[in-house]
Amino acid sequence: MNCPECNVVLPDNAISCPYCNSRFGVSSLQDDTDAKLLSYLVPSRATLLSIIAGYTGLFSVLVVPAPFALLFGILALRDIKKRQARGEKMGGKGRAIFAIVIGGLFTLAIVSLVAFLSITHVTHR
């Protein structure tokens with residue numbers, strides 16, 4: 001077998017060339033891991049709604065956008081389901097679920113805080 005880069009003769013079971021350091025035949029585990037980690041940061045095949053939902057969920061820690069994160073998460077899951085039914089391979093489901101969970105928790109916190117403040121305001125009159 002010859003190296004596809006430098007054309008040096010190599011053993012048949014070689015997975016890399018010792019002369020030019022090119023890799024071939026088997027993809028490395030590190031490359032696969034790097035690609036998977038990168039896909040969490042840079043969305044590929046994710047729907048626009050799932051990207052919006054994910055970032056809105058992330059900013060829900062500030063409490064104000066929490067209901068929007070919940071809304072966009074639900075809309076993103078519906079959009080992904082529709083696209084998958086049409087045969088499209090779409091990603092972003094994890095971002096949408098993240099937005100629903102975080103948005104739901106912080107929306108509950110907002111509702112609880114408003115209820116607590118309104119109850120204490122009424123009882124102190």
How many nm is it between the label spots at ALA109 and VAL61, if each spot is 7 Å from the Cα in line with the beta carbon?
1.0
Which net charge results when you count Lys and Arg as +1 and Asp and Glu as -1 among the other residues whose beta-carbon is under 12 Å from that of ARG45?
+3
What's the ranking of 82-94, 66-78 by average number of surrounding C-beta atoms within 10 Å, highest first?
66-78, 82-94
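Readers should treat all values here as calculations from the given coordinates under stated rules, not as data from a laboratory. Because the structure is predicted, anything quoted here is derived from the model rather than measured. Here the Cβ is made from the backbone with ideal geometry for all residues, glycine too, and neighbour counts use every protein chain on show.
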